[in-house]
1. Longest span of the chain, sites excluded, free of GluC sites (Glu not before Pro) in DSSP loop with at most 14 other C-beta atoms within 10 Å?
2. Could you tell me the calculated FRET efficiency between Glu139 and Asp178, based on Cβ-Cβ distance and R0 = 41 angstrom, to the nearest 0.05?
3. Using a cut-off of 18 Å between alpha-carbon atoms, which lysines can reach Lys137, once sequence neighbours fewer than 8 places away in the same chain are excluded?
4. Just the number, please: Stokes-Einstein D of the chain in µm²/s, Kirkwood Rh from C-alpha pairs, 20 °C, 1.002 mPa s.
5. What nm distance separates the two modelled labels at Asp146 and Thr267, each placed 7 Å from Cα along Cα→Cβ?
6. Determine the dipole magnitude for the chain: charges of +1 sit on the beta-carbon of Lys and Arg, -1 on that of Asp and Glu, nothing else is charged, the reference point is the Cα centre, and the result goes in debye to the nearest 20.
7. Heavy-atom accessible area per residue, region 142-301, 1.4 Å probe: how many Å²?
8. Roughly how tilted is helix 2-23, in degrees to the nearest 10 and between 0 and 90, from the longest Cα axis of the chain?
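The values are calculated or read from the model by the stated rules, or taken from the named source; none is laboratory data. Computed from a predicted model, the values in this text were never measured in an experiment. Every residue, glycine among them, receives a Cβ derived from its backbone with ideal geometry; neighbour counts consider all protein chains shown. Each accessible area value is taken on the protein alone, full model and side chains, heavy atoms only, with ligands, DNA and RNA left out. Shrake-Rupley method; radii C 1.70, N 1.55, O 1.52, S 1.80 Å.
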Amino acid sequence: MILELMYIVAGLIALITGIYAYLDEKHPKRVGTAAFWIIFGVIFIFGPYMNPALVGGLLFVMGGLTVTKQVSFGTQVNASDEYREKKSAIIGNKIFIPALSIGVVAFSVAQFTDLGGLAGLGIGALAALILTMIYTKEEVKYIPYDSSRLLQQMGAAVILPQLLGALGALFAKAGVGDVVAQIMGGIVPEGNKLVGVIIYCVAMALFTMVMGNAFAAFAVITAGIGIPFVIGAGGNPAVVGLLGLTSGYCGTLMTPMAANFNIVSATILEMKDKNGVMKAQLPVSILMLISQIALMYFMAF
């Protein structure tokens, strides 16, 4: 029930974004942008009660709007630099508390209640919003405005996690994991734990770079490589699964397909080099991948 309410709230935010876009008379792509966000909101709110074929058709419409470049940022503006600098001097490092509260609350809800991680993430976001309003002492009326401004600035990349997650599930249902297992069977030496771990972790990172989402890669690569060549060799399933997923996250740091992490952040920061975030993360992500391989080899067996 709570999780469903979170989806409804997310849908309402998307609807508000569409309304702001439509009311923005100077918006360069007013109608297309409004249609994109309104459709997105409708799917989030009414998706469980809609015909799946209709939802698929609406997603095609959203894709068409994106491909024809009908989704863009409007004329909504952020606060002035002077105002933000003044607020920054007053609030200081307390500004990080709301962001940190998301993870703390989400983890607490997932660990100590039966609501689950996704519901915890939504509750954490609500807690962060409340703390933000307390620390900034801003008016509530700015919440829908700035929500719309940020969503429009991020653009159509916002929908990528959902689509890529669905694609990963589709690949798993189609038996791609079995095909990968057959291919790897002729490459990985039987019983060689180290080679199995290396190939599994690297494959998770590479497939995540292609898919743009570690969750999408996890089902396929774990079924095709992780289970038969690592867990099958005696690896602890909990350790293998956890470190396999974090290996995928290393790939997330190195791909433009993870647009919500690497491209959107560069856009929000108004960086001249749109690949600047990935370039800065590349050395760290490689070192992290090596560490995941070492941790899995020594902790899983």
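1. Values: sites that count: Glu25, Glu138, Glu139, Glu190, Glu270.
For GluC sites (Glu not before Pro) (loop position, at most 14 other Cβ atoms within 10 Å), the longest site-free span of the chain is 26-137.
2. Numbers: r = 56 Å, r/R0 = 1.37.
The pair Glu139/Asp178 has a calculated efficiency of 0.15.
3. The qualifying lysines are Lys86, Lys87, Lys94.
4. Details: Rh = 21.5 Å.
Reported coefficient: 100 µm²/s.
5. Inter-label distance under the simple model: 2.0 nm.
6. On the way: 16 positive and 14 negative charges, 82 e Å.
Result for the chain is approximately 400 debye, rounded to the nearest 20.
7. Here the residues of region 142-301 average 49 Å² of exposed surface.
8. For 2-23 against the chain, the angle is about 50 degrees.
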